[in-house]
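A.B. asks: One structure, as structure tokens, below. Some questions next.
The values are calculated or read from the model by the stated rules, or taken from the named source; none is laboratory data. Since this is a predicted model, take the numbers as computed values, not measurements. Cβ sites come from the backbone with ideal geometry, for glycine too, and all protein chains shown count toward neighbours.
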Protein chains: 2
Amino acid sequence: MKKMYVEETADKVGLEVELKGWINSIRNHKKIVFLDLRDRSGLVQVVGDERFAVLNPEDVIVIKGLVKKRPEKLFNKKLKTGEVEIEAKDFKLLAKAETLPFDISKEELGLTLPTLLDYRSLTLRHPKIKDIFKVQQTIVQTFRKTMTELGFFEFQAPTIVATATEGGAEVFPVKYFDSQAYLAQSPQFYKQIMVSIFEKVFTVAHAYRAEPSVTTRHLTEYVGLDVEMGFIDNWTDIMATAEKLLKDIFKAVEDKHSDILESYKTTIPKITGRIPRIKLKEAKEIIYKRTGRDIRQEPDLDPEGEKEIWRWAQDEHNSELVFVSHYPTKKRPMYTYPDPDNAEETLSFDMIGRGQEWITGGQRINDYKTLTTNIKKWGCSIKDFEFPYLQAFKYGMPPEGGFCLGLERITMNILGLKNIREATLFPRDMERVDIKLSSTKQKNS
Amino acid sequence: MKKMYVEETADKVGLEVELKGWINSIRNHKKIVFLDLRDRSGLVQVVGDERFAVLNPEDVIVIKGLVKKRPEKLFNKKLKTGEVEIEAKDFKLLAKAETLPFDISKEELGLTLPTLLDYRSLTLRHPKIKDIFKVQQTIVQTFRKTMTELGFFEFQAPTIVATATEGGAEVFPVKYFDSQAYLAQSPQFYKQIMVSIFEKVFTVAHAYRAEPSVTTRHLTEYVGLDVEMGFIDNWTDIMATAEKLLKDIFKAVEDKHSDILESYKTTIPKITGRIPRIKLKEAKEIIYKRTGRDIRQEPDLDPEGEKEIWRWAQDEHNSELVFVSHYPTKKRPMYTYPDPDNAEETLSFDMIGRGQEWITGGQRINDYKTLTTNIKKWGCSIKDFEFPYLQAFKYGMPPEGGFCLGLERITMNILGLKNIREATLFPRDMERVDIKLSSTKQKNS
């Protein structure tokens with residue numbers, strides 16, 4: 001009697017096995033009961049006698065049985081175990097499930113987003129939904145692997161911060177004993193400090209944005225894959241590192257999850273050679289020439305602009321990704337390094353993938369005096385930045401820069417999901433922290 | 001001209017190299033200047049001419065020079081590069097440092113804790129302090145490696161939660177738009193839900209405790225190494241998994257960081273064979289017999305009790321770790337599985353290492369009805385737990401359990417640090433979020 005995961009039975013004809021899992025579906029034919037047993041590995045058909053008729057979908061059971069070859073005409077091509085079935089001798093009920101609110105055994109769940117989220121603990125069990133998070137985990141693993149191989153050091157960034165220095169309005173206040181603290185909008189300041197300790201660093205960090213709007217691509221709590229590197233020779237080293245990372249991620253997803261890409265009717269984003277790099281100014285000119293839409297006076301690309309520059313990159317460079325650089329100084333944070341050739345522009349970039357921004361990055365000001373001057377110029381208080389941020393610069397910070405890749409954003413775009421909430425296990429937004437907030441609104445203390 | 005890290009020069013006599021880093025110390029002998037250059041890899045001595053005399057500690061420079069063998073009587077045994085020095089041809093200043101508040105080039109920094117933390121961005125540069133976080137990162141990496149090899153799936157747990165369900169008072173409220181949310185005290189509920197999705201899971205998650213006291217072993221924000229496993233055959237499987245993890249961590253730290261252990265004058269904790277396992281009741285009897293101190297009526301071990309049971313484990317089992325199990329039902333959370341043989345006790349454990357609790361874990365109640373009954377018995381509201389937690393149990397949850405290992409706690413105990421703040425890059429406590437809060441106290445909005 002060998003214990004195994006259900007998918008392992010595919011080549012175990014003749015073996016007695018013990019399987020544990022959930023009843024994905026059950027069909028009662030009086031003397032004979034067919035059920036699909038689901039575990040983390042997949043599904044297998046189990047054939048039982050009338051004793052099995054008491055079972056219901058999502059009941060948790062352990063069964064003992066014999067792996068048998070199915071007749072060829074009954075092969076199920078959709079399952080990896082489709083050429084076998086388990087002749088069950090016996091079962092034991094481990095946990096009973098209540099009647100389901102909807103059928104989760106269908107190949108496509110076909111629910112609206114609110115239902116998908118209102119029943120998150122149940123809908124996450126669906127194999128196709130579960131697959132999203134397998135891809136996501138491969139992205140995280142590849143991030144760690146690539147950065148470690150490139151000599152970067154992983155660190156743990158704190159998320160409670162003393163001052164709301166990065167953003168202003170879009171920050172969550174925390175009642176911190178008798179004081180007020182905030183949730184970090186990113187690990188930006190800490191990863192810069194860490195450059196003065198370990199030179200090249202990365203972190204997988206939760207970040208918080210009190211976005212006062214509900215869009216298909218914003219969350220209030222998200223995961224950032226953050227990188228920062230010191231002693232850069234040229235600021236384009238940062239883009240080159242991001243490009244290497246993206247290519248490694250795509251390769252890993254394709255190698256490990258070709259079946260998932262297929263079920264989502266998608267492929268990894270196409271890149272031919274190097275990811276094209278253009279300045280924002282050029283991008284706006286291109287958009288004007290291609291569409292007649294004039295956003296040349298705008299400080300940034302709007303969502304339609306991001307889509308058009310993606311189309312251009314596909315048409316002209318056979319690439320679904322494109323780096324857009326040299327954003328205006330006044331639209332980037334105070335620590336962004338100005339272009340030595342043109343102080344109106346910065347050595348900064350966004351990476352647009354499939355028409356959406358995935359990555360933002362650039363070189364940072366590393367000179368203490370320039371940085372403090374800029375903080376004042378931006379109308380901020382030196383005191384708010386003094387410790388621990390400015391202390392790192394005061395005592396010698398090498399030339400440095402970095403970037404951040406949004407984990408949910410890249411997961412969503414690789415799989416072609418319509419809403420970023422689908423790429424998050426337990427999404428938080430203005431209206432939802434698991435439960436819909438409107439239904440439980442409380443007064444703030 | 002070969003670019004490299006300073007430690008790589010140890011065996012590069014005769015080579016022209018380019019090195020980048022910080023000036024750890026500088027000794028000016030008029031025509032000749034000696035400096036120790038520090039980068040992430042270590043230190044090397046550089047010899048320059050009078051041009052170098054303008055430099056100061058922590059200035060960031062790039063130098064070009066020739067690697068030369070030192071005369072044997074000038075070998076520095078304390079440095080890996082102690083048999084060479086760099087004859088510098090030239091340098092370029094990358095960033096200037098202001099005058100340091102204290103000398104950070106000493107082998108032992110020798111600062112008080114408040115100074116260590118008030119100058120965190122500077123003190124983290126000290127090699128011996130930096131080493132703490134190399135060990136910490138090895139612990140995190142080994143956690144991920146071991147759990148992945150054991151077939152566990154890593155997931156991202158959210159940290160903003162809708163209700164303060166786990167603890168009561170010791171929770172941080174977050175002003176969440178027009179509602180109130182909280183910082184998660186642990187990923188407990190989410191890792192349990194994930195068992196119904198991926199069966200065996202782990203996460204490295206930030207957790208938050210509004211501990212209203214300042215102790216040497218508590219932080220308000222800490223990192224938990226969390227594990228949860230479904231389809232357990234026996235609840236002791238959970239302890240066995242924790243034990244395997246600990247042994248792997250110790251081995252990795254010993255293999256990679258024997259030099260750091262030596263500089264901290266410590267060794268990895270001793271275990272002989274299996275980690276001893278005793279019931280709390282027995283532990284209290286042992287303490288009574290050994291010391292005459294009677295805590296047999298207490299529901300838990302106090303700090304002195306934890307130390308005594310560590311001494312016992314060393315004396316009787318030659319082990320610095322010990323599992324203490326069967327904590328009283330009324331002192332454990334409502335989801336803890338009661339002992340079928342004695343409902344007053346639970347199938348739960350703590351792991352005491354070197355006299356402190358590192359791990360807490362146990363089997364959980366997986367039956368929906370029992371769990372809801374318990375929630376009511378504990379005086380809580382079903383509504384607060386309904387979604388997403390109870391939903392996972394309503395639709396079939398296998399027998400399961402897990403544990404959590406505090407990252408800072410294990411780092412501190414392996415290295416023999418006196419205060420948990422030393423084992424945290426940027427520690428947060430009641431009085432400090434980087435800055436000391438007393439100096440900037442604000443009214444809550």
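A.B. asks: If I ask for residues that are surrounded by fewer than 16 Cβ atoms within 10 Å (Cβ to Cβ) and either touching a strand residue (DSSP E or B) at 6+ places or on another chain (Cβ under 6 Å) or not acidic (Asp, Glu) (or both), which ones from segment A:77-108 would you list? Don't jump to the end; show me each part of the working.
C.D. replies: Initial filter on segment A:77-108 (surrounded by fewer than 16 Cβ atoms within 10 Å (Cβ to Cβ)): A:77-78, A:87, A:89-90, A:92-93, A:98-99, A:101-103, A:106-108.
If the condition is that a residue be surrounded by fewer than 16 Cβ atoms within 10 Å (Cβ to Cβ) and either touching a strand residue (DSSP E or B) at 6+ places or on another chain (Cβ under 6 Å) or not acidic (Asp, Glu) (or both), then A:Lys77, A:Lys78, A:Glu87, A:Lys89, A:Asp90, A:Lys92, A:Leu93, A:Thr99, A:Pro101, A:Phe102, A:Lys106 are the ones that fit.
A.B. asks: Would segment B:370-385 turn up any residue that is on the phi > 0 side of the Ramachandran plot and touching a Leu at 6+ places or on another chain (Cβ under 8 Å)?
C.D. replies: So the first thing to find is which residues in segment B:370-385 are on the phi > 0 side of the Ramachandran plot, and the list is B:379.
Of the ones still in play, those that are also touching a Leu at 6+ places or on another chain (Cβ under 8 Å) are none.
No, segment B:370-385 contains no residue that is on the phi > 0 side of the Ramachandran plot and touching a Leu at 6+ places or on another chain (Cβ under 8 Å).
A.B. asks: Hey, among B:Ile26, B:Ile32, which residue is within 14 Å of chain A (Cβ to nearest Cβ) and farther than 24 Å from A:Met229 by Cα?
C.D. replies: B:Ile26
A.B. asks: Do you know which residues across segment B:126-159 are farther than 19 Å from B:Thr411 by Cα, crowded, with 20+ Cβ neighbours inside 10 Å and in contact with a Leu (Cβ under 9 Å, 6 or more places away or on another chain)?
C.D. replies: The answer is B:Phe155, B:Gln156, B:Ala157, B:Pro158, B:Thr159.
A.B. asks: In segment A:109-120, what residues are away from every other protein chain (no Cβ under 14 Å) and surrounded by fewer than 13 Cβ atoms within 10 Å (Cβ to Cβ)?
C.D. replies: If the condition is that a residue be away from every other protein chain (no Cβ under 14 Å) and surrounded by fewer than 13 Cβ atoms within 10 Å (Cβ to Cβ), then A:Gly110, A:Thr112 are the ones that fit.
A.B. asks: Going through segment B:375-391 one residue at a time, which ones are over 14 Å from B:Ala162 (Cβ atoms) and surrounded by 19 or more Cβ atoms within 10 Å (Cβ to Cβ)?
C.D. replies: B:Ile375 - this is the single residue of segment B:375-391 that is over 14 Å from B:Ala162 (Cβ atoms) and surrounded by 19 or more Cβ atoms within 10 Å (Cβ to Cβ).
A.B. asks: Inside segment A:237-268, can you point out the residues that are aliphatic (A, V, I, L, M) and under 19 Å from the mean Cα position of the chain (by Cα)? Walk me through how you get there before you give the answer.
C.D. replies: Of segment A:237-268, the ones aliphatic (A, V, I, L, M) are A:238-240, A:242, A:245-246, A:249, A:252-253, A:260-261, A:268.
Answer for segment A:237-268, where residues must be aliphatic (A, V, I, L, M) and under 19 Å from the mean Cα position of the chain (by Cα): A:Ala242, A:Leu245, A:Leu246, A:Ile249, A:Ala252, A:Val253, A:Ile260, A:Leu261, A:Ile268.
A.B. asks: Let me ask something else about it. Identify all residues within segment B:160-182 that are without any contact (Cβ under 8 Å) to a residue 60 or more places away in the chain and at the interface with another protein chain (Cβ under 7 Å from one of its Cβ atoms); write none if there are none.
C.D. replies: Residues satisfying the conditions are B:Ile160, B:Val161, B:Ala162, B:Phe172, B:Pro173, B:Val174, B:Tyr176, B:Phe177, B:Asp178, B:Ser179, B:Gln180, B:Ala181.
A.B. asks: Please enumerate the residues belonging to segment B:35-76 that are within 22 Å of A:Met397 (Cα to Cα) and without any contact (Cβ under 8 Å) to a residue 24 or more places away in the chain.
C.D. replies: Hits for segment B:35-76 are B:Leu35, B:Val54.
A.B. asks: What number goes with the only condition from (1) over 26 Å from A:Ala423 (Cβ atoms); (2) within 7 Å of another protein chain (Cβ to nearest Cβ) that A:Val195 does not pass?
C.D. replies: So A:Val195 meets the others, but not (2).
A.B. asks: Quick one: is B:Val84 touching a residue at least 40 places away in the same chain (Cβ under 8 Å) and out of contact with any Pro (no Cβ under 9 Å at 6 or more places or on another chain)?
C.D. replies: For B:Val84, the condition - touching a residue at least 40 places away in the same chain (Cβ under 8 Å) and out of contact with any Pro (no Cβ under 9 Å at 6 or more places or on another chain) - is met.
A.B. asks: Continuing with the same structure: Could you check A:Tyr395 against (1) under 29 Å from the mean Cα position of the chain (by Cα); (2) within 10 Å of chain B (Cβ to nearest Cβ); (3) at pLDDT 95 or above and say which number it fails?
C.D. replies: (1)
A.B. asks: What number of residues within segment A:212-232 satisfy the criterion of being modelled with pLDDT under 95 and at the interface with another protein chain (Cβ under 10 Å from one of its Cβ atoms)?
C.D. replies: 1
A.B. asks: Confirm whether B:Ile410 is in a helix (DSSP H, G or I), within 14 Å of chain A (Cβ to nearest Cβ) and either over 23 Å from B:Thr163 (Cα atoms) or hydroxyl-bearing (Ser, Thr, Tyr) (or both).
C.D. replies: Here the answer is yes, as B:Ile410 does meet what is asked.
A.B. asks: Moving to a separate point now. Report whether or not A:Leu74 is away from every other protein chain (no Cβ under 14 Å), surrounded by fewer than 17 Cβ atoms within 10 Å (Cβ to Cβ) and hydrophobic (A, V, I, L, M, F, W, C).
C.D. replies: Spelling it out, A:Leu74 is indeed away from every other protein chain (no Cβ under 14 Å), surrounded by fewer than 17 Cβ atoms within 10 Å (Cβ to Cβ) and hydrophobic (A, V, I, L, M, F, W, C).
A.B. asks: Further question: Does A:Phe385 qualify as being outside any loop (DSSP other than H, G, I, E, B), away from every other protein chain (no Cβ under 14 Å) and among the aromatic types (Phe, Trp, Tyr)?
C.D. replies: Spelling it out, it is not the case that A:Phe385 is outside any loop (DSSP other than H, G, I, E, B), away from every other protein chain (no Cβ under 14 Å) and among the aromatic types (Phe, Trp, Tyr).
A.B. asks: Still on this model: Does A:Val174 meet the test of being of a type in the set (A, V, I, L, M) and within 23 Å of B:Tyr182 (Cα to Cα)?
C.D. replies: yes
A.B. asks: Would it be correct to say that A:Leu261 is in contact with a Leu (Cβ under 8 Å, 6 or more places away or on another chain) and either at pLDDT below 95 or closer than 24 Å to A:Phe152 by Cα (or both)?
C.D. replies: So A:Leu261 does not fit the description; no.
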